[in-house]
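The values are calculated or read from the model by the stated rules, or taken from the named source; none is laboratory data. Values in this document were obtained by computation on a predicted structure and should not be read as measured data. Virtual Cβ from ideal backbone geometry, glycine too; neighbours counted across all protein chains shown. For the accessible areas, the whole protein counts, side chains as well, though only heavy atoms, and no ligand, DNA or RNA atoms are used. Shrake-Rupley method; radii C 1.70, N 1.55, O 1.52, S 1.80 Å.
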Amino acid sequence: MAKKKEETVEEETDVVAAESAEKESDEKAEKVTKTQESKGEDSNDKEAKAEPEDNASLIDSVVDAVSSAAEVVAETASDVANAVTETASDVVNAITGSNNTEDEEKTGKKRAEKVGIVFSDKMTKTVVVRVNRMVKHQLYHKYMKRRKKFMAHDEMGAAVGDRVRIQETRPMSARKRWRVIEIIQKAEK
């Protein structure tokens, strides 16, 4: 896509340069003919003298037009490169889901997160979350269910059966090192 834009910009600048070169050469030819007519020279001498000057002026105007076109292309290329870089980083963020740069900036690293079901809510501001995972057996290559319970600090009011996301945090008590950051799905009552 960037190449197409660059090609169209180059074509436009080439057309503009050619048109400006033609106009300049026509203007210079008119000036030469006017000066020669005022001096009283005949038309054959006019053409013979006008050609070398026209060629030199035409070359100068083409060189000027090409240099200005090159500057425009360079500016456009840098703009396109910046846009492509921004778009690529947006795509990477969308795929990886790394929009939580605030947590990473505060802690210096991304904290572990797990999703589980609230198993118990009998304690004040604390819930027990059961996290299920599947593990492949090393020898038999069969998948097995493994469960682990985590105690998590809960200020959101999660109830038994709710699906929650927990995140590791500083130790809050002897066994509580997680906190509930989101209730994904409420339990059916």
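Worth pointing out:
- Heavy-atom accessible surface of residue 95, to the nearest 10 Å², is about 130 Å², with a 1.4 Å probe and all protein chains retained.
- Put 67, 57 in order of accessible area, highest first, and with a 1.4 Å probe you get 67, 57.
- Length-normalised contact order for the range 78-189 - Cα pairs under 8 Å, 6+ apart - percent: 21
- Solvent-accessible surface (1.4 angstrom probe) belonging to residue 87, in square angstrom, nearest 10: 80
- Calculated FRET efficiency for the pair residue 109/residue 89, C-beta based, R₀ 22 Å, to 0.05: 0.65
- Take residue 184: with every protein chain present and a 1.4 Å probe, its accessible area is about 70 Å².
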